[in-house]
Structure formats: structure tokens, C-alpha cells
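Input: a single structure, listed below in C-alpha cells.
Computed from the coordinates by the stated procedures, all read-outs in this text should not be read as laboratory data. Treat the numbers as computed from the prediction; the structure is a model and nothing was measured. Here the Cβ is made from the backbone with ideal geometry for all residues, glycine too, and neighbour counts use every protein chain on show.
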């Protein structure tokens, strides 16, 4: 099994098979619009622009599970990302990343690489780097700024 076996929902509630990204390097991130780490959107966008022509994409998954830091609708989140951070990478529909209602993709990601909190996501902006083969290469916690991940991305591009 790889991430290519999953289908997620876009912000407009359409199906988005991750198989569409087959062969790309991905950075999958749970995001939030009202968090102290929200400025990481800018760094994520910089990574996306820097490497997208080499087969790299960032995919954001808003989650409101951490102190209600993403309470808006999918449409409001899209507008926030675009207006405040110029985000052009895909930001999908809001999901749960922990608990009984966790999105199946996140259940899988957390099984592949554990973090300091065990398998659960500890906070917003936890990042999973996925290789071209669809397998998780590394997990980065919230405190790790996007620009610090660039060497890991370069290594697998």
C-alpha cells in the first residue's frame, strides 16, 4: 500500500485520487489558519514554487482539531490561503487527522512514521515527505520550518 491508494476530497468536495500525483515527491501537511505556525504557509508556498517543475507538490489538509484554529468553511480557508499567503498548491477539504474520525490517509501516514507523540499528530503543520514511489520518507513536526526541509526534498528529487 502507498498513498496512491487513497482518494481525498478537494475543497469543493470533489474526489481527488492521490494516484494523480504518482511519480511526484510530495509534502503532505495538516494546516490551520489561526495558529502561531500559520506563517508556515509562506514557506510551504516557497518550497512548492522552487521545486514544482521538478515533480514536487505540497498538499495541505486543514484541520480544526487543535484548539479550533481552523474554524472556517472550506471556501473561507481557500480564500484565506490565497489572499494572505499567495498559496497556489492544493489545499484540500478540512479533515480530522486524529481520533475515530481521522481521514484514512492520515491513519496511514501516522502508521508509517511515528512522531514524538507516538502515532498521533501533535499539532498543526506536521509534515510528511513522500517519495516518488508513494512511500513516506520522513515526518517533520510543527517546529520544523518548511525551508529546513529543502535538503531532504533535494535528496529525493
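Distance from the alpha carbon centroid of the range 95-157 to that of the range 28-63 works out to 12 angstrom.
Taking only the Cα atoms of the range 3-156, the ratio Rg/Rh comes out at 0.91, with Rh defined as the Kirkwood radius. Subtracting the Cα-Cα distance of residue 144 and residue 79 from 0.36 nm times their residue separation leaves 20.9 nm of extension gain.
Put simply, the C-alpha atoms of the range 18-109 give a gyration tensor, and the ellipsoid matching it has half-axes of 21, 18, 10 Å, longest first. Placing dummy labels 7 Å off each Cα toward the beta-carbon, the span from residue 52 to residue 100 is 4.0 nm.
In the chain, helical runs assigned H by DSSP with n ≥ 4 each contribute -39500 (n - 2.57); averaged across all residues and rounded to the nearest 500, the mean residue ellipticity at 222 nm is -7500 deg cm²/dmol. Relative contact order of the range 54-157, taken over Cα pairs closer than 8 Å and 6 or more residues apart, is 21 percent.
Per-residue extension of 0.36 nm, minus the Cα-Cα distance of residue 107 and residue 34, leaves a gain of 23.9 nm for this segment. Between residue 67 and residue 133, the contour length at 0.36 nm per residue exceeds the Cα-Cα span by 20.3 nm.
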